[in-house]
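Heads up: the structure comes next, in structure tokens.
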Amino acid sequence: MQPMIELHPRADALRGLGLPAIPYPVALPAFKAAVANDGALPLADMLHGLQLRAAHANANHDRLEPAMARLAELLAADDGGDVTIAAGDHWWLEVGPVDLDGPVVTVQRGDSLLAALTPRSDGRLRVAAYRPLDARAAGLLLAFAAGNGWQRALDAAAGVGQRFAGIEGAAYIAYWEGGIGIGPDGSALPEWHAQRTLPARRAAHVAAELDTCHAFGLRATR
């Protein structure tokens, strides 16, 4: 991975795009291009840099997430639909509303619901997201986006590594057989049960986040 440099765009450029005035970590080539292009901002690079930063357990998510959400909106090819497809050569996810009252595999961080997965009738997965996806959260979803993703998601939720990730403050996978907020013994967990009413984010915005994470992941392997 190339070293990241903090890009501090001009205030008028940020205002014009509706972006908050925070540092945006980008790789050196993107930083040089932004300087050479006299203010034209590398929006995808900026989103990916924030996704990486937000994946750290000690990240200030309240500060980063408004910028991440706005960048995803700017990058999205939004047709206004509730459902869209995020896909590449070897991965596929349907993005749209998910029933949190039934069995779901969730991506969580701390006591926050980030995303939820349910299986489709054809064996592929549908995902809904409730907060902007950091690089680890998006990477977990992409890992289940090929083949029998539901079984891999169930296996991941049962793994010890997910518990350690949760303890360390990183995004992790959990399985709620009775719907989110219902424990294995059938008792309600109020802090999680209350999140059943969270509104799902726009499907196109979530797809833009997944596309960005996947594209930069491929770029890093070349």
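Which condition number in (1) open to solvent by less than 10 Å² (accessible area, probe 1.4 Å); (2) not in a strand (DSSP E or B) is the one that Ala146 fails?
Going through (1) open to solvent by less than 10 Å² (accessible area, probe 1.4 Å); (2) not in a strand (DSSP E or B) one by one, Ala146 breaks only (1).
Can you find even one residue in segment 192-202 that is open to solvent by less than 50 Å² (accessible area, probe 1.4 Å), without any contact (Cβ under 8 Å) to a residue 40 or more places away in the chain and either closer than 22 Å to Pro25 by Cβ or assigned to a loop (DSSP other than H, G, I, E, B) (or both)?
No - not one qualifying residue is present in segment 192-202.
Conditions tested, residue by residue: (1) buried (at least 16 other Cβ atoms within 10 Å of the Cβ); (2) more than 29 Å from Ala146 (Cα to Cα); (3) not β-branched (Val, Ile, Thr).
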residue	(1), (2), (3)
Gln2	no, no, yes
His8	no, yes, yes
Asn60	no, yes, yes
Leu75	yes, no, yes
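State which residue pairs qualify: first residue touching a residue at least 12 places away in the same chain (Cβ under 8 Å) and inside segment 84-102, second residue among the hydroxyl-bearing types (Ser, Thr, Tyr) and surrounded by fewer than 17 Cβ atoms within 10 Å (Cβ to Cβ) in any location, beta carbons under 9 Å apart, and separation of 6 or more residues or different chains.
So the pair list comes out as Leu100/Thr197.
Search segment 113-143 for residues being touching a His at 6+ places or on another chain (Cβ under 9 Å) and outside any helix (DSSP H, G or I), and hand back the single one that is farthest from Val95 (Cα to Cα).
Asp134
For segment 149-163, does any single residue satisfy the condition of being at pLDDT below 95 and aromatic (Phe, Trp, Tyr)?
Filtering segment 149-163 for residues at pLDDT below 95 gives 149-163.
If we keep only those that are aromatic (Phe, Trp, Tyr) as well, we get 150.
Checked against the condition, which is being at pLDDT below 95 and aromatic (Phe, Trp, Tyr), segment 149-163 yields at least one hit.
Please state which one of Glu177, Glu168 is out of contact with any helix residue (DSSP H, G or I) (no Cβ under 7 Å at 6 or more places or on another chain), at pLDDT 95 or above and surrounded by fewer than 19 Cβ atoms within 10 Å (Cβ to Cβ).
Numbers: Glu168 fails: at pLDDT 95 or above.
Being out of contact with any helix residue (DSSP H, G or I) (no Cβ under 7 Å at 6 or more places or on another chain), at pLDDT 95 or above and surrounded by fewer than 19 Cβ atoms within 10 Å (Cβ to Cβ) holds for just one of Glu177, Glu168, which is Glu177.
How about segment 117-139: which of its residues are small (Gly, Ala, Ser) and open to solvent by 10 Å² or more (accessible area, probe 1.4 Å)?
Applying the first criterion (small (Gly, Ala, Ser)) to segment 117-139 yields 121, 123, 128-129, 135, 137-139.
Once the filter is applied, which keeps residues that are small (Gly, Ala, Ser) and open to solvent by 10 Å² or more (accessible area, probe 1.4 Å), segment 117-139 yields Ser121, Gly123, Ala135, Gly139.
The values are calculated or read from the model by the stated rules, or taken from the named source; none is laboratory data. From a predicted model like this one, the values you see are computed outputs, not experimental measurements. Every residue, glycine as well, gets a Cβ built from its backbone with ideal geometry; the counts of neighbours run over all protein chains shown. In case anyone asks, the SASA skips ligands and DNA or RNA and just uses the protein heavy atoms, side chains included. Shrake-Rupley method; radii C 1.70, N 1.55, O 1.52, S 1.80 Å.
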